[in-house]
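The values are calculated or read from the model by the stated rules, or taken from the named source; none is laboratory data. Nothing here was measured: the structure is a model prediction, and the numbers come from that model. Cβ placement follows ideal geometry from the backbone for every residue including glycine, while neighbour counts extend to all protein chains displayed. What goes into the accessible areas is simple: the full protein's heavy atoms, side chains included, and nothing from ligands, DNA or RNA. Shrake-Rupley method; radii C 1.70, N 1.55, O 1.52, S 1.80 Å.
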Amino acid sequence: MASRSDQAARDHLQRCFVLHRRNFSNTSLILDIFSAIHGRQAVLAKGARQHRRGRPAGGEILQPFRPLWLSWSGRGEVKTLIRYEAAGPAAELPGKLLYCGFYLNELLVRLLRRGDAHENLFAFYAAALTALAAGEDVETVLRHFELRLLREIGYAVELDREAGSGRPVAPGRYYVYEQESGLRAAGTGDGRYALAGELLLGLAAGEPLSGPAAKTAKLLTRRLLAPYLGTRPLQSRELFRQHRNLSL
């Protein structure tokens, strides 16, 4: 008997985004999707690459960065897509913004377990795509998304308090982040790794980043993500380096 979750996915269209897609057989697609209610799912879109009279091929609709309404069925690891509709226009991500979008998607694919619901993260992801398309500062959007993702999957990092003592981070002072324990006050010899209190408080509050602070924030979030991403390189970072000589 189908579970209540499977029944709901089959009977009702679900708000989703495509995170990744690949060809399957001559006419179909395998989609890695992110659902507001059902989390990350693998879905087979049968015949999605076929053009049908009076209707565009599903592959033209089932694209990353476009909000979608989807329903599916199945009890195995890979579900079968039943219906799909566009839920709005795709986020316009030209140039380097496209690689930024791929980066967000790859983080979700690598860090979210299938079937775990993350409704708040889904809303935050949709807002991040909108912010990128609207021309908001890329560094700010990416850094705050990374921190929100870590929080949503259970690896929240306290950036406004020292670990152990619980003392509030103070502007004008410097701190060091240690992977196993968290923040501590910087001491002699920590200059290379020291983080300004102002930066940490700004990150914790979701404030915009600029100048040297943006570069330091990037180095920090890379350290925070590294244990959970493993040693396999992110393809989106490699693409960004190859085409723009920049980094995510």
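Summary table below
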item	result
Checking residue 42 against (1) open to solvent by less than 50 Å² (accessible area, probe 1.4 Å); (2) touching a residue at least 24 places away in the same chain (Cβ under 8 Å); (3) over 24 Å from residue 232 (Cα atoms); (4) not assigned by TED's automatic domain parsing to the domain that holds residue 144, the condition it does not meet	(3)
For residue 201: the one exception among (1) open to solvent by 50 Å² or more (accessible area, probe 1.4 Å); (2) in contact with a helix residue (DSSP H, G or I) (Cβ under 8 Å, 6 or more places away or on another chain); (3) at pLDDT 95 or above	(2)
Residue check for residue 121: under 25 Å from residue 39 (Cα atoms), at pLDDT 95 or above, open to solvent by less than 70 Å² (accessible area, probe 1.4 Å) and in contact with a strand residue (DSSP E or B) (Cβ under 9 Å, 6 or more places away or on another chain)	yes
The lone exception for residue 164 - which of (1) in a loop (DSSP other than H, G, I, E, B); (2) modelled with pLDDT of 95 or more; (3) over 15 Å from the mean Cα position of the chain (by Cα) it fails	(2)
In segment 102-115, the residues that are open to solvent by less than 50 Å² (accessible area, probe 1.4 Å) and either assigned by TED's automatic domain parsing to the domain that holds residue 33 or more than 10 Å from the chain's Cα centre (by Cα) (or both)	115
Test: residue 49 is open to solvent by 20 Å² or more (accessible area, probe 1.4 Å), at pLDDT 80 or above and over 24 Å from residue 149 (Cα atoms)	yes
Single residue of 102, 145 found to be over 27 Å from residue 46 (Cβ atoms), out of contact with any His (no Cβ under 8 Å at 6 or more places or on another chain) and not aliphatic (A, V, I, L, M)	145
Of residues in segment 204-237 being within 17 Å of the chain's Cα centre (by Cα), in a helix (DSSP H, G or I) and free of Cβ contacts under 8 Å to residues at least 40 places away in the same chain, the one surrounded by the most Cβ atoms within 10 Å (Cβ to Cβ)	222
Residue in segment 74-81 that is open to solvent by less than 60 Å² (accessible area, probe 1.4 Å) and in a loop (DSSP other than H, G, I, E, B) present	yes
Residues of segment 147-181 satisfying the condition of being touching a residue at least 24 places away in the same chain (Cβ under 8 Å), open to solvent by 80 Å² or more (accessible area, probe 1.4 Å) and under 23 Å from residue 116 (Cα atoms)	155
Options 223, 192, 237, 232: the member that is in contact with a Leu (Cβ under 9 Å, 6 or more places away or on another chain), assigned by TED's automatic domain parsing to the domain that holds residue 110 and either acidic (Asp, Glu) or modelled with pLDDT under 95 (or both)	237
